[in-house]
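I have placed the structure first, in the form of structure tokens, so that the comments after it can refer back to it.
The values are calculated or read from the model by the stated rules, or taken from the named source; none is laboratory data. On a predicted model such as this, the values are computed, not experimentally measured, just so you know. Positions of Cβ are generated from backbone atoms using ideal geometry, with glycine treated the same way; all protein chains shown enter the neighbour counts. The accessibility values were calculated without ligands, DNA or RNA, using every heavy atom of the protein model including side chains. Shrake-Rupley method; radii C 1.70, N 1.55, O 1.52, S 1.80 Å.
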Amino acid sequence: MESKEAHLQEQQERFGEGDSYVIHDVLPTELAAEAYELVRTTVQWDQMLHKGGSVPRLIAVQGEQNVATLVKDVQTEQSQILYAPLYRHPADEQLACHAYSAIVARIAAVLNADPRLTAGGRTRLNHVLVQHYRDGRDLITEHADKTLDVFPGSVVVNLSLGATRHLTLRTKDKRAVTARGITQEQRLAQRVELPHNSVFVLGLETNRCWVHGIRPARVQCGESDGGRISLTFRAIHTYETTDGRFLFGGGADSTAPAVDAGSVILPNGAKYSLQPVIRNDEEAADRLYKAFSTENKSSKLTAPEIYRSGFNVI
Ligand SMILES: O=C(O)CCC(=O)C(=O)O
């Protein structure tokens, strides 16, 4: 699409706090034509459990894997270590992050080349949650994205493939609305159409003030009952070593006691201390879960106020 046309379209379709909008026809025609089937048939789908039950859609998690240099590691003889982005959100267990598959890497390359989706090239979409809504009954309940591990100043980039569905946005708080001279406090709602090959850009201000979700399709009103795949790309600044032992980066606990686990230098020269991943610690998991709930409800608190010094629990 011509950039002038795209700009006009953005102006016409702003949502939430004004930092969210839809861009149409994002992938080139040939890629857009084959992307749905290629993703559906080549991605390794998982069932995600939340509070003991399967969520009503299939999920796959992928991310860019990179090699870091170990500066000092008392626990292995290795000099390098593989790591991947870590995006934590409420689930009974975080699904494993696989390397970008061929089709996802092709899609990510197109999106990463668009300055509107990468804060003018300052951030990189290095992680994707791929979700398959098998028919019109599959859904995602209203939630705010969890920004513990999300690069500040980035945007969430949600690509739709397949059947058109609608994203519902609702303010977390009630707002004063005046109609026919009467002012009432109510939660505002917006419905965003997500056709094949469109991207919904979710700005972090909208995410702070609004929740979003995909309700079941209104088939009786003519909405499609067909399959849809969404690829939610994020710029993540927390990382986990692929052996599952360590994490580091923006969402890691910056006040955790120093341990002699060593440190890493990333390909871009950034240096981080490795923190041992905490697992099976109910108290820590509970604190993180409460912080996630706060982000679903509060439009007042910013991510640093909610997540404070960060978390080492997965
Ligand atoms: O499937 C969609 O378009 C919504 C995905 C979503 O809300 C999320 O990944 O947080």
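For a straight C-alpha distance cut-off of 20 angstrom, the aspartates and glutamates reachable from Lys172 (same-chain residues fewer than eight places away being disregarded) are Glu17, Asp19, Glu142, Asp145, Glu185, Glu205, Glu295, Glu305. Loop-located trypsin sites (Lys or Arg not before Pro) in the stretch 104-136 (DSSP state other than H, G, I, E, B) with a sparse environment of at most 12 neighbouring Cβ atoms within 10 Å: Arg122. Shown for the stretch 32-184 is the translational diffusion coefficient from the Stokes-Einstein equation, using the Kirkwood radius over Cα pairs, a temperature of 25 °C and a viscosity of 0.890 mPa s: 133 µm²/s. Computed from Cα atoms alone, the Kirkwood hydrodynamic radius reported for the chain is 20.6 Å.
In the chain, the portion of solvent-accessible area held by carbon and sulfur atoms comes to 50 percent [1.4 Å probe, whole percent, DNA, RNA and ligands not counted]. In terms of overall dimensions, the C-alpha atoms belonging to the stretch 17-92 reach 50, 38, 36 Å along their principal axes, ordered largest to smallest. Computed over protein heavy atoms with a 1.4 Å probe, the accessible surface of the chain works out to 48 Å² per residue. Under 5 Å from the amide H of Trp210 lie the amide H atoms of Lys172, each residue being 5 or more positions distant or on a separate chain, with H modelled from the backbone and absent for Pro and chain starts. A Förster radius of 35 Å combined with the Cβ-Cβ distance from Thr69 to Ala284 puts the calculated FRET efficiency at roughly 0.75. GNM on the chain, alpha-carbon springs under 10 angstrom: the most fluctuating residue among Asn207, Asn280, Asn126 is Asn280.
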